[in-house]
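Engineer: Dropping the structure in here first, questions after.
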Amino acid sequence: MPASAAERSSFHAGYAARDVAKLLDLSVAQIHAFVRGGCIAPRRGPRREYRFSFQDLVVLRTGKALMDRLPFRTVTRALRKLKLQLPRGRELAGVRITAEGDTIVVRDGSVAWNPESGQALLDLEVAELATEVAPLARKAAEAAREVEHELSAEDWFHLGCELEACDPGQARDAYRRVLELDPSHVDGRINLGRLLHEAGETEAAEAHYRMALESRPGDVTAAFNLGVALEDLSRFADAISAYERVIASDPSYADAHYNLAQLCERLGRSRAALRHWQIYRKLTVGE
């Protein structure tokens, strides 16, 4: 049977187990134990080898820091929940993680939670790991450029995801390659829009979010990001419409209710603001 394009390519997105072990000072056997424990779910390469994402590395680094202090079963239980609650891409670089007693604590911006219970706690950080991973990510980007004619849109997309935390400029380039190969790639378009937005190119970001919504009208991430971009452009009525579109698709999207409440207050719509504040508190606090 002839080899697939993925098997023929010399480039494979993600980090190999041997590189991860060296970077994190773990053994390959320990990494595989975390995989078996359900703490991470790495993708498979063409030879069925594990290919680890930056998010996987964050979880593994956390596990290593806890192994000498807590029973392995306790660590794996908390990491399984941590895996589900971590943000992705560029947002992940702003997270802090630590342990308090026998619990793992995570902080994302001003919000902190305990992955075991969901209960809010205090402070924590991941940015230095992005710095350590940067050489591997840039090496992957160089390898991709050497064989770019072999790569699919999905290859470029996964590379963009790995570059976001440590080199957003190269990540933007990777997502542009995605869209050159597949203009209908919604996730690549959303991610490019978000990185352009962070770089201050808000109108360009808006255009990408709108194109994403043309392809996938119910995508709440594209609609929410569009609302944020429109707020930054001071187009508040349009931003409200975007957030209402989010809620129409997902009434439990707490951040959309929060942003709507703030916007309604700003525009003097006190009754609507109160309604969204009440829904937000119910969703986040359970009042």
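Taken together, the values in this text are just the output of simple stated rules run on the coordinates, not laboratory data. Everything quoted here is computed from the prediction, not taken from an experiment.
Engineer: State the Cα centre-to-centre distance between segment 36-85 and segment 211-253 in whole Å.
Structural biologist: After rounding, the separation between the Cα centres reads 33 Å.
Engineer: List, in order, the whole-Hz ³J(HN,Hα) value for each residue of segment 240-251 obtained from phi through the Karplus relation with A = 6.51, B = -1.76, C = 1.60 and θ = phi - 60°; use x for Gly and Pro.
Structural biologist: Listing the rounded values in order: 4, 4, 5, 5, 5, 5, 4, 5, 4, 7, 9, x Hz.
Engineer: Against the 2.2 N^0.38 Å scaling, with N counting residues, where does segment 213-287 land? I'd like the Cα-based Rg ratio to two decimal places.
Structural biologist: Against the compact-globule rule of thumb, the ratio is 1.05.
Engineer: What lysines sit close enough to K139 to cross-link, taking a C-alpha to C-alpha distance under 22 Å and skipping anything fewer than 8 places away on the same chain?
Structural biologist: Straight-line reach from K139, under 22 Å: K22.
Engineer: Taking amide H positions as placed 1.01 Å from N in the peptide plane, with prolines and chain starts having none, which residues 5 or more places from A16, or on another chain, fall under 5 Å of its amide H?
Structural biologist: F52
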